[in-house]
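Colleague: Structure below; questions to follow.
The values are calculated or read from the model by the stated rules, or taken from the named source; none is laboratory data. Keep in mind that this is a model prediction, so the values were computed, not measured. Don't worry about glycine lacking a Cβ; one is built from the backbone with ideal geometry, like all the others, and counts go over all protein chains shown.
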Amino acid sequence: MNKTALITGATSGIGRATAKILADNGYHVILTGRRKDKLDEVEREILRTADARVLSLCFDVRDRNEVSKYLGQLDGEWEDIDVLINNAGLASGLSHIQDGDIEDWEKMIDTNIKGLLYVTRQIAPKMVNRGTGHIVNIGSIAGKEVYENGNVYCATKHAVDALNKGMRIDLVEHNIKVTAINPGAAETEFSVVRFHGDKERANSVYEGFTPLYEQDIAEAVLFAVTRPPHVNINDMIIMATAQANSVKTHRQ
């Protein structure tokens, strides 16, 4: 019997790659994101290449009412979600705390923490009622270490790390798995968003070494969600070979 996975932030990068790899491996998928054209594109690609059902829901996880509207009324074949991938997240800005843009701060807090909570609050109770499920939270090396200029972004990803641990404790008695996947430098839209569309500056982040790619993280997610029922991957940190930690990268 096919399982169903819900992937937030599925329009690009890790979310898109994860949706595709899960569909290729027998999952029906619910895709969420803010860009309808991108959602439609991912849906078409999955339907063309995989034997899977797809439901696309265009909304912003930062909007609690929209989360409730779209995820609180799932029924029929989409009601029972086996795997929730909390992938939607972003970095916005890179500056010392005294120079930080408050709008950037709010965007990161609202997406990375509150959005994750809004979605989880809709899906986790149904998993509890069924006594089964798996929640995967996409964190970051920034949730393990703090680096210069990363202040608020690092704080939000540290919050994800804490929430992952809290979910694991709260949900263990209900037979629900909880996993954190924490990538290092991955070449996606991440840096373009962080630098507000400055592609030249974004590209410079990955110069001189081979970074992670979205497929690398999607494969890790697939590994985590396909372990036997008695096995839970609590926490995984994935780095490029050339990146020792958040501040040390060997560039050629």
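Colleague: Please pick out the residue among Ala23, Ala19, Ala50 that is within 26 Å of Ala202 (Cα to Cα) and hydrophobic (A, V, I, L, M, F, W, C).
Modeller: Numbers: Ala23 fails: within 26 Å of Ala202 (Cα to Cα); Ala50 fails: within 26 Å of Ala202 (Cα to Cα).
It is Ala19.
Colleague: Then there's this: For the structure I just gave you, tell me whether Met1 is out of contact with any His (no Cβ under 6 Å at 6 or more places or on another chain) and in a helix (DSSP H, G or I). Reasoning before the result, please.
Modeller: Values: out of contact with any His (no Cβ under 6 Å at 6 or more places or on another chain): yes; in a helix (DSSP H, G or I): no.
Answer is no for this residue.
Colleague: Please determine whether any residue of the stretch 100-111 is within 25 Å of Ala180 (Cβ to Cβ), touching a helix residue (DSSP H, G or I) at 6+ places or on another chain (Cβ under 6 Å), surrounded by 19 or more Cβ atoms within 10 Å (Cβ to Cβ) and β-branched (Val, Ile, Thr).
Modeller: No, because not a single residue in the stretch 100-111 is within 25 Å of Ala180 (Cβ to Cβ), touching a helix residue (DSSP H, G or I) at 6+ places or on another chain (Cβ under 6 Å), surrounded by 19 or more Cβ atoms within 10 Å (Cβ to Cβ) and β-branched (Val, Ile, Thr).
Colleague: Residues to consider are Ala142, Ala162; find the one that is within 26 Å of His96 (Cβ to Cβ) and free of Cβ contacts under 8 Å to residues at least 12 places away in the same chain.
Modeller: Matching residue, one of Ala142, Ala162: Ala162.
Colleague: Which number in (1) crowded, with 18+ Cβ neighbours inside 10 Å; (2) among the hydrophobic types (A, V, I, L, M, F, W, C); (3) touching a Leu at 6+ places or on another chain (Cβ under 6 Å) marks the one condition that Cys58 misses?
Modeller: The number of the failed condition is (1).
Colleague: For Asn151, which of the numbered conditions (1) touching a helix residue (DSSP H, G or I) at 6+ places or on another chain (Cβ under 7 Å); (2) closer than 25 Å to Lys177 by Cα fails to hold?
Modeller: Against the list (1) touching a helix residue (DSSP H, G or I) at 6+ places or on another chain (Cβ under 7 Å); (2) closer than 25 Å to Lys177 by Cα, Asn151 comes up short only on (2).
Colleague: Which ones in the stretch 131-166 are over 18 Å from the mean Cα position of the chain (by Cα), under 16 Å from Asn112 (Cα atoms) and among the acidic types (Asp, Glu)?
Modeller: Residues satisfying the conditions do not exist here.
Every residue, every condition in (1) out of contact with any strand residue (DSSP E or B) (no Cβ under 9 Å at 6 or more places or on another chain); (2) surrounded by fewer than 17 Cβ atoms within 10 Å (Cβ to Cβ); (3) free of Cβ contacts under 8 Å to residues at least 60 places away in the same chain; (4) within 17 Å of Ile85 (Cα to Cα), yes or no:
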residue	(1), (2), (3), (4)
Ala5	no, no, no, yes
Ser12	no, no, no, yes
Ala17	yes, no, no, yes
Ala23	no, no, yes, yes
His28	no, no, yes, yes
Gly33	no, no, yes, yes
Lys36	no, yes, yes, no
Thr49	yes, yes, yes, no
Asp63	yes, yes, yes, no
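Colleague: Next up: Criterion first (without any contact (Cβ under 8 Å) to a residue 60 or more places away in the chain, more than 17 Å from the chain's Cα centre (by Cα) and more than 28 Å from Ala202 (Cα to Cα)) does Val128 satisfy it?
Modeller: It is true that Val128 is without any contact (Cβ under 8 Å) to a residue 60 or more places away in the chain, more than 17 Å from the chain's Cα centre (by Cα) and more than 28 Å from Ala202 (Cα to Cα).
Colleague: Next question, about the same structure. When the stretch 175-201 is examined, which residues are found to be loosely packed, with under 15 Cβ neighbours inside 10 Å and modelled with pLDDT of 95 or more?
Modeller: Asn175
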